[in-house]
Amino acid sequence: RDGWIGGDQGLILKYKGGSGTSVELPAIEETVIPVDYQLLQNYPNPFNPETTIQFNIQKSSPVSLAIYDISGSLIKTLSLNRKWDAGTHALTWNGMDENNRPVASGVYLYRIQIDTFTQTKRCLLLK
């Protein structure tokens, strides 16, 4: 019997007349394009001293992402109209303000703007 058997990590086995011969093919990298814009919950949360904020974008777009205190005052801009390719991306906030000074413990808001899409989430800095 002749045939093929697919294995993991791009390994394919070809059977011919009862003997097996392995043929290794290069792995194919897949890029997953999100179907929508999305701001994900930061992690870790609560955090100290830094946290990661992920977002998904469906097409190459300028992205603004900023941190605000609970009263709505701007604390830190992580991305200001920077053009990002479609996909999932991450930025890190180190708990510092625009002047590179550490901010106090508390609840902070992070807000993303992509085209006409805007979303805000909360994070908690505990020292």
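A few points about this structure:
- Selection within region 91-127 - on the phi > 0 side of the Ramachandran plot, touching a strand residue (DSSP E or B) at 6+ places or on another chain (Cβ under 7 Å) and in a loop (DSSP other than H, G, I, E, B): GLY95, ASP115
- Among the criteria (1) in a strand (DSSP E or B); (2) without any contact (Cβ under 8 Å) to a residue 12 or more places away in the chain, the one SER71 does not fulfil is (1).
- Matching residues, region 77-106, being of a type in the set (A, V, I, L, M, F, W, C) and either more than 12 Å from ASN42 (Cβ to Cβ) or surrounded by 12 or more Cβ atoms within 10 Å (Cβ to Cβ) (or both): LEU78, LEU80, TRP84, ALA86, LEU91, TRP93, MET96, VAL103, ALA104
- Contacts under 8 angstrom Cβ, first residue in region 87-107 being in the same structural domain as PRO62 (by TED's automatic domain parsing) and within 19 Å of ARG122 (Cβ to Cβ), partner in a loop (DSSP other than H, G, I, E, B) and among the polar types (S, T, N, Q), 6 or more apart: TRP93/ASN42; GLY95/ASN48
- Test: residue in region 24-47 that is part of a strand (DSSP E or B) and modelled with pLDDT under 60: yes
The values are calculated or read from the model by the stated rules, or taken from the named source; none is laboratory data. The structure displayed is predicted, hence computed values, not measured ones. For neighbour counting, all protein chains shown are included, and Cβ atoms are generated from backbone atoms with ideal geometry for every residue, glycine included.
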